[in-house]
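The next block holds one structure in the form of C-alpha cells; read it before the comments.
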Amino acid sequence: LLSALFGVSCAQVAGTQKAEAHPPMMVQQCTAAGCSSEQAAVTLDFERRWLHDAKPLGKENCFEGGTWNPTLCPDAQTCAQQCAVDGVEAADYTQNYGIITNGNSLRLNFETVNQYGKNVGARVYMMQTEDTYKVFRLKNKEIAFDIDVSSLPCGINAAIYLVAMDPSGGKGVNGNMAGAKYGTGYCDASCPKDMKFVQGAANMDKSSGMCCPEIDLFEGNSVAEAMTAHPCRVPGATACTGPDCGDATEGQAYMGMCDGDGCDFNAFRDGDKTFFGPGGTVDTNRPVTVLTQFVTSDGTDAGPLSEIRRSYMQDGRTIQNTQAKIPGMTGNSISDAYCTSEKQAFQGIQSSNNAGDFNRFAALGGMQAMGNALDHGMVLVMSLWDDPATHLHWLDSSSPGNLPPNTPGYVRGPCTRTQGYDVETVNQAAFTTISNIRYGPIGSTGVAGAAASATPVAALQPTAAPNYGAAAAPMPAPVASTATAAGQWQQLQNPQGQIYYWNKITGKTSWQIPAAYQSDSNHRVQEFVTKLGAHVPGNFNFAVAGVALMILFSMAARTTWTRFYHVAYRRMHNGNTDPMIENEAVAPIA
C-alpha cells in the first residue's frame, strides 16, 4: 500500500553538516522497592529542522516561507532525493530553539530570538538510544511528572502526551534514512496533513496524513487543562489519504481512522470552574505533580484497559480529580461509561458540516482500542505551542463556533474568544518546565507524600551528551551516611553525589524534598547551621549558634532572625553560596 501510495524510489536523506546532539534527560523507572534513574534524551521534531540541498556542503533551503523550492523540489520524488534534514548541535538546541535540559528537567521556551529570526514553540520526543524513541507500555501502570504552567496564558498549550509512533521513526520505509535520530515519523489522532514528509515521501500537496492512537496526559496552561484519549482503528502509525484522515475542513471529521475529538476530561468543561487555575484547588501559580494511571479490569498487565485515572499532588497534598458535574455525566476518570455519557451530553456541539458518527470514541473501539495502543507501545512527546488558526479555543475558551453559552460542552475554559490572538507579541517570555518523570506499576511512583518542585529555572543549563540506557543515579536502600534525619524521612546521597530522600518506615524514595521532612523546623535549623559552616570563621561556636537559632525560631516565627534563616537556607539549598542576602521578600515560615 505504501509503495503504491508514494513510490518505492522515494528517500528521506540524513544530512552531514551539523552533528546531532540529543539533550540528555533523566527519567525514573519505579518498582515496589523504589525508583531508579535511567539515562534518556530528547530530540527535536523533524518539521523544525534545517531541510536543505543534499549535495555536499549544500546550503540552499528546500522549504522556506511555507513554499517548496521549485528547483530542488519540482515533484515529490525528486524532492525526497535532493533534500537532506540535518542535525541540531548542542548549543543550537538552546540558542535557536529554547530547549534546555538539566538532570530530570526539560524547559521549553515559547519564543527564542536567534540569528535567523525567532523560533516559536517546540516539540520533542524522548529517546531510548541515539536512533530509537523510548517506548512506554503503561497498561496496569502509572506515569507521573511535575509541570510548571504558571507563565502560560490563554492561547498557549503545554502538552505531554503519548503517541503510537514507530520506534525507529519510520527509518527504512521508502528510503527514509534519517529516522528517529532526526525526529521523523510523527503521528497523532488528528492525522496531520501539514507535515513535509510522510513515510519517507515529500508531502508537497498535503494530501497525506499520518495517523496513530494518542493519549494526552496533560494539555493545558495556567487557566485550563484536559486529559484526552484518542483511539484509532489501527494500533500504530499508519499513513492516510482522503476520508481516512478525518479532515474536518473537508467535512470528514467523523469518518477518519482516528477519533480526532477524543474523549476528554476537562474539569472546567465538566462543570467545576474552580478546580484548576490560579488559586484553584490545583493552583497553577506553582508547579504541580500530575499522576495518570492505566487501570485494567483484572489488575494484570494482560487484562483489558478499563479506566484512565487522574490525580494531582501539590504541597505534599494529594488532590483527587474532581467529579463531572454536567447533568447526565458521572465519574472523574476516562472509561467507556464516562465517554458515552460525555458524547450524549455534548451532542449540541456536533458540527453540522461533518457527516458520520459523533461518538467516534465508541465506534473505534473505546477503551479496548486504547489498551491495544498501550500494548503496541507509545512514544512520549513534550511540546509547547500556539495555533494562529484556532487560538486553542478548544482547550481554554468556547468551541466550536458561536453557540449559546449554556450549550453543554461548548465552554472549555475561562478565556474569551477574543483572547489568545496576540500571544506571540505579548507573551514571548512564556515557558514550561516538565520534570521528574517516573513510571512503573500502579502505586510505585511515590507521588503520595512527594511535593512537586521543578528544577529552579536559573539552574537549567545545557548538560553533557547522554549515556543512553545507563542506570545512572539510582536511589538504593540507605547505606552509611552523614545525613540528618527528620521524622520518618532521611536525606541521603547516592554514589553519583545526588541528594535523595528515604522513608525509614515505608522504604519509599524521592528526589523531591518530602513535605514532612521540609516542614520539620528543627532539622531545617540544624541543616542550616551545618551549611553555614562554610561561610564563618573556624572558631565560631556552632553548638551555641544552633541552640540560639532554634530558640529564636520557636519564639518569633516572623522575626528578622527567622527571615534571615529562611532566606539563607533557601539560597544555600538552591546552590547560592552566599547566605548574607538582604532585602529579599519571602513568605514567613508557618
_Against the conditions (1) surrounded by fewer than 18 Cβ atoms within 10 Å (Cβ to Cβ); (2) under 21 Å from residue 176 (Cα atoms); (3) among the aliphatic types (A, V, I, L, M), where does residue 84 fall short? Just the number, please._
(1)
*Does the range 412-435 hold any residues that are in a loop (DSSP other than H, G, I, E, B), of a type in the set (Ser, Thr, Tyr) and more than 26 Å from residue 346 (Cα to Cα), and which are they?*
421
*When only residues in the range 130-152 that are among the hydroxyl-bearing types (Ser, Thr, Tyr) and touching a residue at least 60 places away in the same chain (Cβ under 8 Å) count, which is least open to solvent (accessible area, probe 1.4 Å)?*
133
_All positions within the range 217-239 that are of a type in the set (S, T, N, Q) and in a loop (DSSP other than H, G, I, E, B)_ = 221, 222
_Go through the range 237-255 and report how many residues are crowded, with 19+ Cβ neighbours inside 10 Å and either in contact with a Ser or Thr (Cβ under 9 Å, 6 or more places away or on another chain) or without any contact (Cβ under 8 Å) to a residue 60 or more places away in the chain (or both)._
9
*Can you tell me which residue within the range 155-173, out of those that are open to solvent by 20 Å² or more (accessible area, probe 1.4 Å) and in contact (Cβ under 8 Å) with a residue 12 or more places away in the chain, is farthest from residue 380 (Cα to Cα)?*
173
*Would you pick out the residues in the range 138-160 that are within 28 Å of residue 396 (Cα to Cα) and part of a strand (DSSP E or B)?*
142, 143, 144, 145, 146, 147, 148, 157, 158, 159, 160
*Hey, among the residues in the range 161-195 that are aliphatic (A, V, I, L, M), part of a loop (DSSP other than H, G, I, E, B) and under 21 Å from residue 42 (Cα atoms), which one's modelled with the lowest pLDDT?*
177
_Pair list, Cβ under 9 Å, 6 or more apart: the range 22-50 residue in a strand (DSSP E or B) and open to solvent by 20 Å² or more (accessible area, probe 1.4 Å), other residue modelled with pLDDT of 95 or more and of a type in the set (Phe, Trp, Tyr)_ = 29/439
*Residues that are among the β-branched types (Val, Ile, Thr) and part of a loop (DSSP other than H, G, I, E, B), drawn from the range 260-283*: 274, 281
*If you take the residues in the range 204-216 that are open to solvent by less than 10 Å² (accessible area, probe 1.4 Å) and part of a loop (DSSP other than H, G, I, E, B), which one is farthest from residue 68 (Cα to Cα)?*
213
*Among 400, 388, which is the only one that is under 30 Å from residue 111 (Cα atoms), assigned to a loop (DSSP other than H, G, I, E, B), open to solvent by 10 Å² or more (accessible area, probe 1.4 Å) and touching an Asp or Glu at 6+ places or on another chain (Cβ under 9 Å)?*
388
*Could you tell me whether any residue of the range 65-75 is hydroxyl-bearing (Ser, Thr, Tyr) and part of a loop (DSSP other than H, G, I, E, B)?*
yes
*Among what's in the range 97-137 and is assigned to a loop (DSSP other than H, G, I, E, B) and small (Gly, Ala, Ser), pick the residue that is nearest to the chain's Cα centre (by Cα).*
121
*Could you list all residues from the range 109-134 that are touching a strand residue (DSSP E or B) at 6+ places or on another chain (Cβ under 6 Å), within 20 Å of residue 465 (Cβ to Cβ) and not β-branched (Val, Ile, Thr)?*
122, 125, 126, 127, 133, 134
*Which numbered condition residue 225 misses (of (1) open to solvent by 20 Å² or more (accessible area, probe 1.4 Å); (2) of a type in the set (D, E, K, R); (3) under 21 Å from the mean Cα position of the chain (by Cα))*: (1)
*Could you please tell me which pairs satisfy a Cβ distance under 6 Å, a separation of 6+ or placement on different chains, a first residue in the range 387-410 that is in contact (Cβ under 8 Å) with a residue 12 or more places away in the chain, and a second residue that is in a helix (DSSP H, G or I) and open to solvent by 40 Å² or more (accessible area, probe 1.4 Å)?*
407/348
*Any residue in the range 265-284 that's closer than 14 Å to residue 324 by Cβ and among the small types (Gly, Ala, Ser): show its pairings with residues that are modelled with pLDDT of 95 or more and assigned to a loop (DSSP other than H, G, I, E, B) at Cβ separation under 7 Å, as long as the two are six or more apart or on different chains.*
267/275; 267/322; 271/324; 271/325; 271/326
*Among the residues of the range 305-323, write down those that are modelled with pLDDT of 95 or more and either open to solvent by 80 Å² or more (accessible area, probe 1.4 Å) or more than 28 Å from residue 137 (Cα to Cα) (or both).*
309, 320, 323
*For the range 348-382, what are the residues that are of a type in the set (S, T, N, Q) and surrounded by fewer than 19 Cβ atoms within 10 Å (Cβ to Cβ)?*
350, 351, 352, 353, 354, 368
_Restricting to the range 271-310, give me the number of residues that are touching a helix residue (DSSP H, G or I) at 6+ places or on another chain (Cβ under 8 Å) and under 29 Å from residue 151 (Cβ atoms)._
1
*Could you list, in sequence order, the residues of the range 284-297 that are outside any loop (DSSP other than H, G, I, E, B) and either of a type in the set (A, V, I, L, M, F, W, C) or open to solvent by 20 Å² or more (accessible area, probe 1.4 Å) (or both)?*
288, 290, 291, 293, 294, 295
*asked:* Looking only at residues that are touching a residue at least 40 places away in the same chain (Cβ under 8 Å) and within 25 Å of the chain's Cα centre (by Cα) in the range 324-337, which one is most open to solvent (accessible area, probe 1.4 Å)?
replied: 332
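Check 442, 437 and return the single one that is under 29 Å from residue 105 (Cα atoms) and either crowded, with 21+ Cβ neighbours inside 10 Å or hydroxyl-bearing (Ser, Thr, Tyr) (or both).
Only one candidate passes the filter, namely 437.
The values are calculated or read from the model by the stated rules, or taken from the named source; none is laboratory data. Computed from a predicted structure; not experimentally measured. So basically every Cβ, Gly included, is an ideal-geometry build from the backbone, and we count neighbours across all protein chains shown. In case anyone asks, the SASA skips ligands and DNA or RNA and just uses the protein heavy atoms, side chains included. Shrake-Rupley method; radii C 1.70, N 1.55, O 1.52, S 1.80 Å.
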